[in-house]
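The block underneath contains the structure these notes are about, expressed in structure tokens.
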Amino acid sequence: MGTVPYGEALELQAELVAQRRRGEIPDTLLLLEHPHVITLGSSSDPQHVLLDEAERERRGIELFQAGRGGDVTYHGPGQLVAYPILDLKPDRKDLHRYLRDLERVLIDVAAEYGIEAVRSEAGTGVWTALGKLAAIGIRVSSGWITSHGIALNVRSDLSYFETIVPCGIPDRDVSSLERELEEDAPELAEVSQRFVEHFARVFGHETIVG
Amino acid sequence: MSRIDVPMPQMGESIAEGTVSQWLKQVGDAVARDEPILEISTDKVDAEIPAPASGTLVEITVAEGETVEVGTVVAYIDTDAGAVAAPPEASPVPEPEPEPEPEPEPQESDPVEVAAAPAPPPQTAPPPPEAASTAPSGGVETAEDRLRTRSTPVVRKIAEEHGVDIESVPGTGHAGRVTKHDILEFIESGGAAAEQVAAAKPAAPATAAPAKPVAASAPSDLWERFYREVHHPEFPVRGADTVEPMDKIRRLTAEHMVLAKRIAPHVHSFIEIDFSAIDRVRSASKERWKAQGARVSYTAFVAWAVSRVLREFPTINSTISGNNVIYRGNVNLGMAVDLDPGLIVPVVHDADHLGLVGIGNKIVDLATRARDRKLMPAEIQGASFSITNPGVLGTMVGLPVIPKGTSAILGTGAIEKRVVVVTDPNNGTDSMAIRKRALFSLGYDHRIVDGADAARFLSRLKEMLEDFPEDA
């Protein structure tokens, strides 16, 4: 879908969730990029955004309350964002399993590039030895319909993550395919293709890509 | 009237509890069956919970922010009050029927195994080593197979075209990965030809496999479990107690402290510092500094001296990273600032390039903005050594924890007047004198810093502070 402003993506997801609930559309996977944006999850403390408003605006970073689980995160150019709009009924009604499945897709995509990524007991997401490669935050709407999803750093400018490092605590580092592979890093489009392949395999059905 | 329960729903087999993040309906509101009435959050998931029946929300038993076990009643709905009498079953939401039998997903219990586990089951027998390395074309490859090749699709394609076994190509990328540059250079240098000859001999080249840098990534499951995961044991709550969740900063601090101590074997050494010379410099410069508006605390003197001494002791300005030691090229001093509650560690970057007044002003500026929460991210990152001042609150000495990614931290105790024995340099006579002194402790990572190194560092620091240069 190319680059979609965060606010528009929120509206689109809300619409697709409603349509999915009414059975008007099949399970759908949205793949896109966002312009620079910091989003807050339900458990985020707004103080964990380290930029004041003026500085944030000067740097052209939007701020949103995302309505998903998880803490504050950053999205921006060079990051693959995938929002699966799935109906988990009847046989996938286990949110942990859903999270683990998303992690599995990400681990398999990383392995395509020879990168060993793992999940961590400490939190949802996927890490390499260098840092967090992908973030996960999802929402389940009434009727077990999923929205939000994953953000995989492909060629993200990782310095933007510094705008959300919590005070004084050297948090885990962030990584990207580019940081792992340097000049051999793939293009976003190629990674998207591989993501779709692994997503379809792990979730075991034909997927409409929007 | 029929009053039905709204329980905290079972959102997954391994999910034992949920937090009420928001009530979308209030007591007295009419609700329709399947209409969302509250939002809960578990882990990284937010979920809307629909009403199990139509009626009126008559009681909310769990407030926003509270966490309760699955099955706990969070609210009651009076169905008589609504238009439709709903079935009286107290159904967990969403959807009442019990979870089906646990699906056969054996990896679920072992995250590490899953990390490397292949999804499609075929090709169970591990292929012979030679075959594994040359990425079987078109075959079903597992994540594990791909990892073994330490390469991207582009590199694998080049290798295949030139008949090169990627395992014999030295990788210079992260975790020993073979980059495009590596393989092109390997082919260029004739390695491919040698490789093809070697491959022709049956079993012999199997020995080429060991001593590969890929081993660096092997202990990652250990790394994961030991160096990343922190579980705080739980304790029974007694009647008069109050229980509050830790906020994010406290959680991260707790985790960081556990990991810091788990990784670095801590040792502490102490030295007593006499502040007479520093006091002389302070009194001599007082007027001048006042005119400049400069603010030079005792801490500034310590930071100045530490930054100079660190240049002479590279191991104390280093960190162990995997099987390497990173010697930091900059002297960046983390200065712990008490926020009460909480702690922040702003960093004076390149402190060894700043003069005494420069360091003093920088410390005041950082501490002020830290308390106002106006620090930029870069200003709290990149410390190569830290200083903490437990003495500011009167304690004699502290045993500070070494921040991850550094090898040492200095703790400065309270500066107090003490009676000490001094020797007259002219006639060798001993006498008692009153001097301002403080105990300093150096916490150091004993993997990289030996006791003698620490002693030499502290002695050198003492020397510099007790003979403080006038022109700093």
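The values are calculated or read from the model by the stated rules, or taken from the named source; none is laboratory data. All values reported here derive from a predicted model rather than from experimental measurement. Cβ placement follows ideal geometry from the backbone for every residue including glycine, while neighbour counts extend to all protein chains displayed. Remember, those area values only see protein heavy atoms, side chains included, never the ligands or the DNA or RNA. Shrake-Rupley method; radii C 1.70, N 1.55, O 1.52, S 1.80 Å.
Remarks
- Applying both filters, DSSP loop and at most 14 other Cβ atoms within 10 Å, to the trypsin sites (Lys or Arg not before Pro) of segment A:1-101 gives A:R22, A:R59.
- Per-residue ellipticity at 222 nm from helix content only, as computed over chain A with -39500 (n - 2.57) for each DSSP H run of at least four residues, stands at -9000 deg cm²/dmol.
- √(5λ) per eigenvalue of the Cα gyration tensor, segment A:2-86, largest first, Å: 26, 14, 10
- Residue-level accessible surface for B:E66, protein heavy atoms, 1.4 Å, Å²: 80
- Computed 3J(HN,Hα) for segment B:254-267, one whole-Hz value per residue from the Karplus formula 6.51 cos²θ - 1.76 cosθ + 1.60 where θ = phi - 60°, is 4, 5, 4, 5, 4, 5, 4, 6, 5, 7, 8, x, 7, 9, glycine and proline marked x.
- For segment A:6-203, size of Cβ-based charge dipole, Lys and Arg +1, Asp and Glu -1, in debye: 900
- Once exposed loop GluC sites (Glu not before Pro) are cut out (DSSP; at most 13 other Cβ, 10 Å), longest piece of chain A: A:25-120
- Amide H contacts of B:R418: B:R435, B:K436, B:R437, each under 5 Å away and 5 or more positions distant or on a separate chain (H built 1.01 Å from N in the peptide plane; Pro and chain starts excluded).
- Tensor-based shape of segment A:6-203 (alpha-carbon gyration tensor, a/c under 1.5 rounded, otherwise prolate or oblate): oblate
- For segment B:8-15, 3J(HN,Hα) computed residue by residue from phi via the Karplus equation (6.51, -1.76, 1.60; θ = phi - 60°) reads 4, x, 7, 9, x, 4, 9, 9 Hz, glycine and proline entered as x.
- Nonlocal amide H pairs with B:Q10, under 5 Å, H built at 1.01 Å: B:V93
- The mean number of Cβ atoms from other chains found within 10 Å of a Cβ in peptide B:454-465 is 0, as a whole number.
- Shielding value for B:151-158 is 4, the average number of Cβ atoms from other chains within 10 Å of each residue's Cβ.
- Rel. contact order, % - alpha carbon contacts under 8 angstrom, at least six apart, chain A: 24
- Set of lysines near B:K374 by C-alpha distance (under 22 Å), chain-local residues within fewer than 8 positions excluded: B:K248, B:K362
- Span from the segment B:1-36 Cα centroid across to the segment B:278-334 one, whole angstrom: 57
- Taken as Cα centroids, segment B:353-374 and segment B:441-460 sit 27 Å apart, rounded to the nearest whole angstrom.
- Heavy-atom accessible area for B:H349, with the other protein chains in place and a 1.4 Å probe, reaches approximately 80 Å².
- A dipole drawn for segment A:6-203 from +1 and -1 charges on Cβ atoms has a positive end, and of A:A189, A:H148, A:G131 the residue lying farthest that way is A:H148.
- Listed by chain and number, the aspartates and glutamates placed with their C-alpha closer than 14 angstrom to that of B:K417 are B:E272, B:D274, B:D279; residues fewer than eight positions away on the same chain are left out.
- Rel. contact order, % - alpha carbon contacts under 8 angstrom, at least six apart, segment B:1-54: 30
- From phi via Karplus (6.51, -1.76, 1.60), per-residue ³J(HN,Hα) for segment A:154-159 in Hz, x at Gly/Pro: 9, 10, 5, 7, 5, 5
- Kirkwood hydrodynamic radius over Cα pairs of segment B:237-356, then Stokes diffusion coefficient at 4 °C and 1.567 mPa s, in µm²/s: 71
- Taking a sphere under 11 Å around the Cβ of A:L158 and counting the other residues whose Cβ falls inside, with K and R at +1 and D and E at -1, yields a net charge of -1.
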